[in-house]
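Here's the structure, in structure tokens; my notes come after.
Any read-out appearing in this document is the output of simple, stated calculations on the displayed coordinates, not a laboratory observation. Here the structure is a predicted model, which is why all the values come from computation and not from measurement. Here the Cβ positions follow ideal geometry from the backbone for every residue, glycine too, while neighbour counts run over all protein chains shown.
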Amino acid sequence: MTVDPADKPRDETEHERLDRQLMELLQGFRVATTGVQVLFAFLLTVPFSTGFDKVDGIGMVLFYLALFGAAVASIYFIAPVFQHRILFRLGQKALLIKRANRYGIIGAFALAISITSATMLIIVSLSERTGAVVLTAVGILGLCGWVWFVQPYLTRMRARARATSGDS
């Protein structure tokens, strides 16, 4: 069995490992937060746009889902930065990393709902075909689910299985 060099343990102290993990997490949040902020800003302007008064029923539900999904995603993606500032130098870095990881996953779920709802709102506004709306929802939510959650989860399970079988 060949060992991938990336799978080898790093020659770092626990403190260095926590520092690296925190920086990796915060960098990921910077990327995600930018996208969420653009979507959220756009959604905040929509009610003031010409034609918004024509949005009703399912369109309003989709708008609120998109808006609140973006708000929740923003909150969860930004929270680790503020918690890091408040917990600075209290020896809570391991807790912060674990919490930030959880927040990132929750934020990603909220973002997937927001992106799906916003896209569906546009399709509902452009087409009266229920099939187009359903196909859009399934496609966008399915894509988010696959690339953000299912695929990495399956990879994680395979890696755990390899590690377990290698330990035997």
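Between Asp11 and Tyr64, the FRET efficiency estimated from the beta carbon spacing at R0 = 35 angstrom works out to 0.10.
In this rough spin-label picture, where each label sits 7 Å from Cα along the Cβ direction, the Val38-Ser127 distance is 2.4 nm. Near Gln92, no amide H atom lies under 5 Å from its own; only residues 5 or more places off or on other chains count, and H is placed 1.01 Å from N.
In this entry, the chain is assigned a mean projected area of 13.2 nm², taken as a quarter of its C-alpha convex hull surface. Compared with the dominant principal axis of the Cα atoms in the chain, helix 14-45 is inclined by about 0°.
Listed from fewest to most Cβ neighbours within 10 Å, the set Leu111, Leu22, Leu90 follows the order Leu90, Leu22, Leu111.
The label-point distance for Gln83 and Met157, in a model that sets each label 7 Å from Cα toward Cβ, rounds to 2.7 nm. Could you give the longest part of the chain that holds none of the GluC sites (Glu not before Pro) found in DSSP loops with at most 11 neighbouring Cβ atoms within 10 Å? Result, exposed sites excluded: 13-127. At the listed q of 0.10 Å⁻¹, the Debye profile of region 30-126, built from one uniform point per Cα, gives log10 I(q)/I(0) equal to -0.33. Against the chain, whose longest principal axis is taken from its Cα atoms, helix 93-126 shows a tilt of about 20°.
With everything on Cα atoms, drop me the angle between helix 58-86 and the longest principal axis of the chain, reported from 0 to 90° to the nearest 10. Around 30 degrees separate the two axes.
Ellipticity at 222 nm from helices only: DSSP H runs of n ≥ 4 in the chain, each -39500 (n - 2.57), divided by the residue count, give -27000 deg cm²/dmol.
For region 74-168, chymotrypsin sites (Phe, Trp or Tyr not before Pro) meeting the loop criterion (DSSP other than H, G, I, E, B) and having at most 14 other Cβ atoms within 10 Å: Phe88.
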